[in-house]
Amino acid sequence: MSRARKRRWPILRWLAALLLTVGLGAAESDPRFSERPEDLDQVIAIMDRRLELMPEVAAWKWHQRQPVLDAAREHAVLVQATEAAGALHLDADTARDCLAAQIRLAREVQEDRFARWQGEPTSVPPARDLATVLRPALDELGRDFLVALYLAAEGPAGAEAGPIRSRLERLRRHPGIEAGTLDALAVALSRVHLVAAPSWETVRRVGVVRIGMTGDYAPFSSEREGRLAGSDVELGLAFARHWGLRAKFVRTSWPGLMDDLQRRRFDFAASGISRTPERAARADFSVAYHTDGKTPIARREDAARFASLAQIDQPGVRVIVNPGGTNERFVRNHVRQATILVHPDNRTIFAEIVARRADVMITDGTEVQLQQRRHPELVGTMPHPFTRAEKAVLLPRQSSLTPVVDAWLRPQIESGWVSAQLQGALAGER
């Protein structure tokens with residue numbers, strides 16, 4: 001075996017460990033939105049732990065009379081780590097930039113120690129063995145770093161580097177770190193993104209399923225005091241538990257839902273999402289787990305005024321809608337004479353009708369049931385809906401998760417579990 005292959009083999013074992021390990025990110029699911037600053041803090045925390053080992057790595061090299069820089073090994077590690085990042089569907093260029101900056105940080109801390117010890121060689125502390133103790137610990141942190149990078153990845157448009165640079169400042173507690181290296185790392189982290197929707201195999205290896213939620217559409221998903229609740233939240237948690245995964249809830253919105261899906265910000269989304277031809281042309285849907293339809297809701301004293309679409313679509317009537325979803329699409333397709341009011345917050349939109357700043361809203365029947373409970377002043381004005389629409393889980397086009405979700409979801413529907421979750425959420429959302 002050649003010397004080059006001997007040097008490369010431990011790194012290949014590291015790559016294989018990442019690719020074969022299942023559940024690296026698995027942990028107890030928390031029904032809260034996972035915000036990107038928190039995800040970046042996890043990336044930075046892993047880098048911080050790695051840098052904590054660098055003084056001991058430097059001490060081992062000093063005692064062994066080895067230089068800080070091993071260019072050949074650094075190159076090999078960078079190449080193999082970039083390959084591992086690609087296996088997680090991370091963009092190779094931006095992942096490589098992050099990894100290269102992390103390697104430079106480690107080198108800067110070691111070089112700082114060497115510079116100190118040049119004047120005080122007797123102050124060099126003892127060190128554990130690099131090959132059997134320190135390097136395995138660094139390899140484990142390297143795997144954790146890539147998983148954290150995967151979970152923090154934004155869309156190709158990236159994010160602002162400035163706020164990330166501020167968060168990286170905590171790494172300056174390690175003497176020797178250069179500001180320019182942190183600047184480069186901030187830019188690289190701002191651009192990290194996935195180049196393809198993760199496969200089911202990747203989701204299982206990482207141990208985390210990323211679930212898009214709007215958090216504003218009770219009884220399917222709602223957010224109160226930082227916690228998520230609703231029938232689709234329970235659906236996501238149950239799916240994750242079944243597969244031994246952690247559910248990571250990603251905030252999305254009705255106007256941005258499809259763009260967030262295309263940006264690969266989540267593995268699937270569930271928030272009472274209606275299957276529409278427009279969405280189905282760009283995405284997969286699971287089997288339907290609920291059927292609903294558009295129906296009007298108004299103040300109780302006005303119920304007789306709005307008992308048909310023709311009565312609603314009259315001059316002087318104010319029809320309120322939330323932007324970006326099927327409610328707005330229905331209204332804009334069918335309302336020609338009434339005034340259309342766009343209200344940005346779906347959580348407070350019904351209070352606008354109660355306060356007489358709007359007259360009627362057309363939404364799904366399930367939401368009408370809920371809002372009648374929350375607001376006794378309001379009532380559904382028609383016994384039957386205008387439309388029929390199926391609620392289903394939204395997934396990337398041709399996703400390998402689609403048959404997995406379907407296979408799990410069908411027995412939950414047939415057993416009545418999904419319906420029970422919805423009825424329980426309706427009863428609890430007052």
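The values are calculated or read from the model by the stated rules, or taken from the named source; none is laboratory data. Small disclaimer: the values here were computed from a predicted structure and weren't measured. Here the Cβ positions follow ideal geometry from the backbone for every residue, glycine too, while neighbour counts run over all protein chains shown.
Structural remarks
- The numbered conditions (1) crowded, with 20+ Cβ neighbours inside 10 Å; (2) of a type in the set (S, T, N, Q); (3) within 22 Å of Trp254 (Cβ to Cβ) are all true for Thr381 except (3).
- Only strands (runs of 3 or more DSSP E) whose full extent lies in the stretch 196-309 are considered here, and the ones with at least 1 residues that are surrounded by fewer than 22 Cβ atoms within 10 Å (Cβ to Cβ) and more than 14 Å from the chain's Cα centre (by Cα) are 221-224, 227-229, 283-285, 290-292, 294-299.
- Counted as qualifying within the stretch 355-399 are the strands (runs of 3 or more DSSP E) with 3 or more residues that are touching an Asp or Glu at 6+ places or on another chain (Cβ under 9 Å), namely 360-364, 389-391, 394-396.
- Check on Ala127, outside any helix (DSSP H, G or I), touching a residue at least 40 places away in the same chain (Cβ under 8 Å) and surrounded by 16 or more Cβ atoms within 10 Å (Cβ to Cβ): yes
- Looking across Ile362, Ile312, one residue alone is farther than 24 Å from Ser253 by Cα, modelled with pLDDT of 95 or more and in contact with a Pro (Cβ under 8 Å, 6 or more places away or on another chain). It is Ile312.
- Flag if Thr122 is under 19 Å from Asp70 (Cβ atoms), part of a helix (DSSP H, G or I) and among the hydroxyl-bearing types (Ser, Thr, Tyr): no
- When Ala115, Ala148 are checked against the criterion of being under 19 Å from Leu69 (Cα atoms), aliphatic (A, V, I, L, M) and not in a loop (DSSP other than H, G, I, E, B), a single residue qualifies: Ala115.
- Test: residue in the stretch 157-169 that is outside any helix (DSSP H, G or I) and in contact (Cβ under 8 Å) with a residue 60 or more places away in the chain: yes
- When residues of the stretch 68-78 are limited to those that are touching a residue at least 60 places away in the same chain (Cβ under 8 Å) and aliphatic (A, V, I, L, M), the one surrounded by the most Cβ atoms within 10 Å (Cβ to Cβ): Val77
- So Leu378, is it among the hydrophobic types (A, V, I, L, M, F, W, C) and within 19 Å of Ala269 (Cβ to Cβ): no
- Restricting the stretch 386-398 to residues that are buried (at least 19 other Cβ atoms within 10 Å of the Cβ) and either over 29 Å from Val331 (Cβ atoms) or at pLDDT 95 or above (or both), the residue that is farthest from the chain's Cα centre (by Cα): Lys391
- If you filter the stretch 85-112 down to residues that are among the aliphatic types (A, V, I, L, M) and not in a helix (DSSP H, G or I), you find that the one that is surrounded by the most Cβ atoms within 10 Å (Cβ to Cβ) is Leu90.
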